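Below is one structure; the comments refer to it alone.
What follows is calculated from the coordinates using simple rules that are stated; it is not laboratory data. Everything numeric in this text was worked out from a predicted model, so none of it was measured. Neighbour counts are summed over all protein chains in view; Cβ atoms, including those assigned to glycine, are modelled from backbone coordinates with ideal geometry.
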């Protein structure tokens, strides 16, 4: 779905008006962490609040439950009807139920909470993470860390300004198999890595057409919409299917694909924006309410290599036994990441099988270690890594929506002489849910 130029001009005007408004939440104006909370020490039990517990959020609940030096003390969700499993799981582990809050701002007011673990929809990731940093909390935030490019940089700035430990939910970085694959890639044994390809071949069927409906009983829908524009409630724009609407999600490129994008960038050793990006695709095979493409090809240009990425949501073949993973092409062979934790090398022009490996890890344990040591360098997925990989997904989506090649200025994280594309680096926010332009 392309965005007409007129709509962009209107959006830019609205954005300019919003940028003139200072964040109304008191949290946004704090120069120091709020309250008298102190950083957790190596001997402390981390008190954790999980925010958003439907779907991926339950993985947070279970993962925190496995940490011997952490305790979930609060659960937060705008929809109380989805909290039952989380509340019961925590009660079984702790012997008593956790506190429940519908509004995440109540978590920020609680001085006893050390960590906010965020599994909200994408359009809430940045604001929740920034508010948490400003409130003196450390943060585990799901991928993509942002809904747009600018938001990611604001989270990095908040983490540094308030001296918070912020981990990105790209858990493959804590898996031994993936760490070994990256070590092999960077050893030079495959020669120069001239191309990486990320594959997100994940079946995505039609979500159909649903009529607007009354807000479900008990749901704080205004809070759920948060920074996004106001829309009538529609079941297709709510639980999970929000991924396929631009106001809240980033399509499968920024959903499943962010994991593979992160590994592609890591394997290529790119810690800056590309110099150009182009994309093509569409929502093929069915007509439904979804807006994001189910078929997408993106290419990122660098001086010494290229990063390609493909989303295929319809029936398709694999490539080198990979459907969700990455393939790295070197002058001496190929390395394929075939799952979240396994890899295989193929040598020479005949692609003869070479070394392989696998192994998992605990991303939450890695985060807890960084929190207790007060050292972001211990994190396997520090927020800056999350910002860069998320931004690559956003750049690909911008190129797709504009339908043309875009040239990028890596140093400013913006486009070259392209005000229309620059307008898509951020969004017009709905007060009081405004991500500050300066943290």
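Brief remarks on what is shown
- The chain, helix-only ellipticity at 222 nm - DSSP H runs n ≥ 4, -39,500 (n - 2.57), divided by all residues, nearest 500: -9000 deg cm²/dmol
- The mean of 1/r over all distinct Cα pairs in the chain, once inverted, gives the Kirkwood hydrodynamic radius of 22.3 Å.
- Burial order of peptide ranges 90-98, 106-114, 379-387 (average beta-carbon count within 10 Å, highest first): 379-387, 106-114, 90-98
- Euclidean distance of C-alpha centroids, region 236-257 and region 390-430, integer Å: 18 Å
- Relative contact order of region 127-216, taken over Cα pairs closer than 8 Å and 6 or more residues apart, is 24 percent.
- Gain on full extension, evaluated as 0.36 nm per residue between residue 378 and residue 320 minus their Cα-Cα distance, stands at 17.5 nm.
- On full extension, the segment bounded by residue 210 and residue 437 gains 78.1 nm, given 0.36 nm per residue less the C-alpha separation.
- Ascending count of other beta-carbon atoms within 10 Å, so fewest first, for 101, 407: 407, 101
- Based on Cα contacts under 8 Å between residues 6+ apart, region 335-439 shows a relative contact order of 10 percent.
- Order of 224, 244 - criterion: other Cβ atoms within 10 Å of each residue's Cβ, fewest first: 224, 244
- Efficiency of FRET from Cβ geometry, residue 304 and residue 404, R₀ 22 Å, rounded to 0.05: 0.35
- Distance from the C-alpha centroid of region 178-219 to that of region 355-388: 19 Å, rounded to the whole angstrom.
- Where labels lie 7 Å past Cα in the beta-carbon direction, separation of residue 351 and residue 220 in nm: 5.2 nm
- For region 54-159: rounded, prolate or oblate by the Cα gyration tensor [a/c cutoff 1.5]: prolate
- Beta-bridge orientation, the chain: approximately 60 percent antiparallel, per DSSP, counting only bridges with both partners inside.
- Working from Cα pairs under 8 Å separated by at least six residues, relative contact order for the chain is 22 percent.
- For region 280-439, the gyration tensor built on C-alpha atoms gives an oblate shape. Its axis ratio a/c (a ≥ b ≥ c) is at least 1.5, and a/b is not larger than b/c.
- By the count of other C-beta atoms within 10 Å, a proxy for reagent exposure, 284, 302, 245 are ordered fewest to most as 284, 302, 245.
- One decimal place: the segment residue 202-residue 271 gains 22.1 nm when fully extended, by the rule 0.36 nm per residue minus the C-alpha distance.
- D (Stokes-Einstein, µm²/s), Kirkwood Cα radius, region 208-303, 1.306 mPa s at 10 °C: 101 µm²/s
- Between residue 186 and residue 81, the modelled labels are 4.8 nm apart [label points 7 Å from Cα along Cα→Cβ].
- Percentage, to the nearest whole number, of Cα pairs in region 305-389 over 15 Å apart: 71 percent
- Distance from region 304-335 to region 96-159 (C-alpha centre basis), Å: 33 Å
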